[in-house]
Amino acid sequence: MIYLDNGATSFPKPPQVGTAIMAALAAPASPGRSGHAPAMAAGRTIHRARKAIAKLFGIKDNGRICFGPNVSWALNVAIDGLGLQRGDHVLSGSLEHNSTARPLARLAVEKGVLWEAVPAEDGAMRPNAFKARLRPETRLVVLNHASNVSGALAPAREIKEAIGSVPLLLDTAQTAGSVPLDDAGSWVDLLAFTGHKGLLGPTGTGGLWVGPGINLRPLAVGGSGSHSESLEHPDFLPDSLEAGTANTHGLAGLAAGVEYVLSTTPAAIREHEMRLTGHFLGGLEGLPGLSLQGPGLGRPDRVATVSLNLKGWSSSDLAAALERDYGILTRAGLHCAPMTHKSLGTFPGGSVRFSFGPFNTLEEILTAVKALKALAPRKGR
Ligand SMILES: Cc1ncc(COP(=O)(O)O)c(C=O)c1O
């Protein structure tokens, strides 16, 4: 098996992740509830995860990091929690995933919020295009840091500079762990992350860092282990956004995954993945019938995700042939991002996505190039 679907979820995980999960499973664990020793130890496990995330993103106040099941949860908490009303205006990129597009579309329909997607220029998001669309009523800018389809990396910091005091909600699903973000806590307002992709943790983990001065109405209220005497859910972070027992086992794995990323460093992971991407793009140059989406060979404004089509092939047939004939696992279709495919002109057929991770080897990438070269002429004549 050659696993080139790290954009969906990373594989393999470092062995420390499984070890940490098993150790957490072996102890009774209800963090922040009972006062006995194993419960206190579970609380420390979660603190370890908060500390690792804080270090990764340069966050000073780790008590504002709230854990939940994934980045979709985090994005919903942020988008819904601001309490936007009729007439409020929200900007997003046009390379968004459904996990921001759907909550924004629902706000538009149900609350009358004006949602405007900033068009990509030549497949890229540009700071001036955001600046030009700001209005006095603009309450939020939502940005996918890197497209999960084309791999285009948005100039997020420059976009934040262009939008000034309007809060920026950054979806780091495709960048956390593989693009250095160790100063993000100083310029992002709301940072959403998922645990199971570049952070190398298990599924069922993710979270939201809420910048200072931002108040969010929780999506869910209930048991928090704090202020139990009151019928009112606590209004302080992280408890306000963390109703219910935490996923201690998952967060133990997430802490181990992020610690692995920190010790390897996101810069080194990025260098490795971009080297593989360069070999992939270089190897495919000039292949008849190939159409590539996203920044081409040598462009630094990308991550290690490449989407493509081959003439004569549907994306699903091509992905199936790659798996059947070569054991290469990719992802075909719309990648939960129809907006992006519309923007790139690949809707509704989609494309085949190759996404590389820290444990892929050059040999695997060259095998994928060879496979595409062999498959292209089968239908492309
Ligand atoms: C850019 C982007 N945002 C959000 C998500 C949703 O991630 P999750 O399913 O972990 O919530 C993904 C996952 O594919 C993604 O690529």
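Things to note:
- The range 10-32, residues that are touching a residue at least 40 places away in the same chain (Cβ under 8 Å) and surrounded by fewer than 17 Cβ atoms within 10 Å (Cβ to Cβ): Phe11, Pro12, Gln16, Gly18, Thr19, Ala23, Leu25, Ser30
- Listed by position, the helices (runs of 4 or more DSSP H) inside the range 269-381 whose residues that are at pLDDT below 95 and of a type outside the set (Ser, Thr, Tyr) number at least 3 are 338-344, 362-380.
- Verdict on Pro136 being away from the ligand (no atom under 11 Å from the Cβ), touching a Pro at 6+ places or on another chain (Cβ under 9 Å) and over 20 Å from Ala173 (Cα atoms): no
- The condition of being within 16 Å of the ligand (Cβ to nearest atom), surrounded by fewer than 24 Cβ atoms within 10 Å (Cβ to Cβ), hydroxyl-bearing (Ser, Thr, Tyr) and under 17 Å from the mean Cα position of the chain (by Cα) holds for only one of Thr175, Thr203, that being Thr203.
- Count of the range 99-115 residues, restricted to those that are under 24 Å from the mean Cα position of the chain (by Cα) and open to solvent by 30 Å² or more (accessible area, probe 1.4 Å), is 5.
- Unique residue being at pLDDT below 95 and of a type outside the set (Lys, Arg) when the list is Gly35, Gly58, Gly18: Gly35
- Considering residues of the range 305-327 that are touching a residue at least 40 places away in the same chain (Cβ under 8 Å) and over 27 Å from Gly123 (Cα atoms) only, the residue least open to solvent (accessible area, probe 1.4 Å): Ala321
- Whichever residue in the range 51-87 is open to solvent by less than 30 Å² (accessible area, probe 1.4 Å) and closer than 17 Å to Leu200 by Cα and, among such residues, is farthest from the ligand (Cβ to nearest atom): Ala54
- Scan of the range 228-247 for residues that are hydroxyl-bearing (Ser, Thr, Tyr) and open to solvent by 40 Å² or more (accessible area, probe 1.4 Å), ordered by number: Ser228, Ser230, Thr245
The values are calculated or read from the model by the stated rules, or taken from the named source; none is laboratory data. These figures come from a predicted structure and were not determined experimentally. Cβ coordinates were reconstructed from backbone atoms using ideal geometry, including for glycine residues, and neighbour counts include every protein chain displayed. Ligands, DNA and RNA are stripped out before the accessible areas are found, and what is left, the full protein with its side chains, is counted by its heavy atoms. Shrake-Rupley method; radii C 1.70, N 1.55, O 1.52, S 1.80 Å.
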